[in-house]
1. Within region 142-154, is even one residue modelled with pLDDT under 85 and of a type in the set (A, V, I, L, M)?
2. When both residues are 6+ apart or on different chains and their Cβ atoms are under 9 Å apart, which pairs have a first residue that lies in region 174-186 and is closer than 14 Å to CYS140 by Cα, and a second that is in a helix (DSSP H, G or I) and of a type in the set (Val, Ile, Thr)?
3. Restricting the search to region 53-105, which residues are within 13 Å of the chain's Cα centre (by Cα), modelled with pLDDT under 90 and not β-branched (Val, Ile, Thr)?
4. Would you check which residues across region 115-126 are surrounded by 10 or more Cβ atoms within 10 Å (Cβ to Cβ) and either among the charged types (D, E, K, R) or modelled with pLDDT of 75 or more (or both) and list them?
5. Just give me the residues in region 157-186 being closer than 21 Å to SER93 by Cβ and surrounded by 16 or more Cβ atoms within 10 Å (Cβ to Cβ), in sequence order.
6. Can we say ARG64 is over 30 Å from GLU150 (Cβ atoms), surrounded by 13 or more Cβ atoms within 10 Å (Cβ to Cβ) and either touching a residue at least 60 places away in the same chain (Cβ under 8 Å) or outside the structural domain of ASP153 (by TED's automatic domain parsing) (or both)?
7. Scan LEU32, LEU40, LEU14 and give me the residue that is out of contact with any Cys (no Cβ under 7 Å at 6 or more places or on another chain) and in contact (Cβ under 8 Å) with a residue 40 or more places away in the chain.
Amino acid sequence: MNHDEEQKLIREVLAGDAGAQDRLYREYRPQLYRVAVHCLGYRDSELEDALQETFLAAYQGLARFEGRSSLYTWLSHICANQCFLRLRHRKKSLATQQEDLERALAPRAEAEARRLQQEDRNGALMGILREKMGQLSAPCREIMVLRDLEGTDYVTIGRRLKLPLGTVMSRLARCREALRTLVSATGGETRL
């Protein structure tokens, strides 16, 4: 669409012409869909919502469009902003969920720590654990030291090791199970 056609379409939309709004939507939706897919991913359940919000924002702000860029450029910026708002909201929501998970897991971890401290009074179990941890892979040792010895929270571990929260939790569970297997092979306590 050339500049003159864009300007005519904008004037018609601003005049309240429903047909012009429909033409604007049909003309730019396929291109904006690609922008949304680029920002959110092609399987994102909120793609259509982001597109609808893009057009709503565009219709509401069209009077402020100054024409210093093409209409597509202006619309694509609105679309990208709508997508990034959604991503920001998800990130905040995920952070809240991670904090809730940490709070939920904290009593269990504290109880586990108290139990280990009681068993450690004679020092035998810790000696076995240290020896067997040395036999684990480097990634297992690293994640177990961070969580079980230093008490680092899951979110921080994920950031430090550049792993998603679910991967941190599953890897930690697998590593603990490997340590249990090594300790049980020596006849040690297996309730780790």
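The values are calculated or read from the model by the stated rules, or taken from the named source; none is laboratory data. None of these values were measured; they are calculated from a predicted model. All Cβ positions, even for glycine, are placed from backbone atoms using ideal geometry, and neighbour counts span all protein chains on display.
1. yes
2. From residues that are closer than 14 Å to CYS140 by Cα, the pairs are CYS175/ILE143; LEU182/ILE128.
3. Pass one, region 53-105, residues within 13 Å of the chain's Cα centre (by Cα): 84, 86-98.
The next check asks that each one be modelled with pLDDT under 90; those that pass are 86-98.
Answer for region 53-105, where residues must be within 13 Å of the chain's Cα centre (by Cα), modelled with pLDDT under 90 and not β-branched (Val, Ile, Thr): ARG86, LEU87, ARG88, HIS89, ARG90, LYS91, LYS92, SER93, LEU94, ALA95, GLN97, GLN98.
4. Pass one, region 115-126, residues surrounded by 10 or more Cβ atoms within 10 Å (Cβ to Cβ): 115-117, 119-120, 124-126.
Those that are surrounded by 10 or more Cβ atoms within 10 Å (Cβ to Cβ) and either among the charged types (D, E, K, R) or modelled with pLDDT of 75 or more (or both): ARG115, GLU119, ASP120.
5. Across region 157-186, the qualifying residues are ILE157, GLY158, LEU163, LEU165, VAL168, MET169.
6. On the way: over 30 Å from GLU150 (Cβ atoms): yes; surrounded by 13 or more Cβ atoms within 10 Å (Cβ to Cβ): no; either touching a residue at least 60 places away in the same chain (Cβ under 8 Å) or outside the structural domain of ASP153 (by TED's automatic domain parsing) (or both): yes.
No: the conditions fail for ARG64.
7. On the way: LEU32 fails: out of contact with any Cys (no Cβ under 7 Å at 6 or more places or on another chain); LEU40 fails: out of contact with any Cys (no Cβ under 7 Å at 6 or more places or on another chain).
Every option except LEU14 fails the conditions.
Quick grid of which residues meet (1) more than 30 Å from LEU14 (Cα to Cα); (2) polar (S, T, N, Q):
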| position | (1), (2) |
| --- | --- |
| ASP44 | yes, no |
| LEU51 | no, no |
| THR54 | no, yes |
| ALA58 | no, no |
| ALA63 | no, no |
| SER76 | no, yes |
| GLN82 | no, yes |
| GLU102 | yes, no |
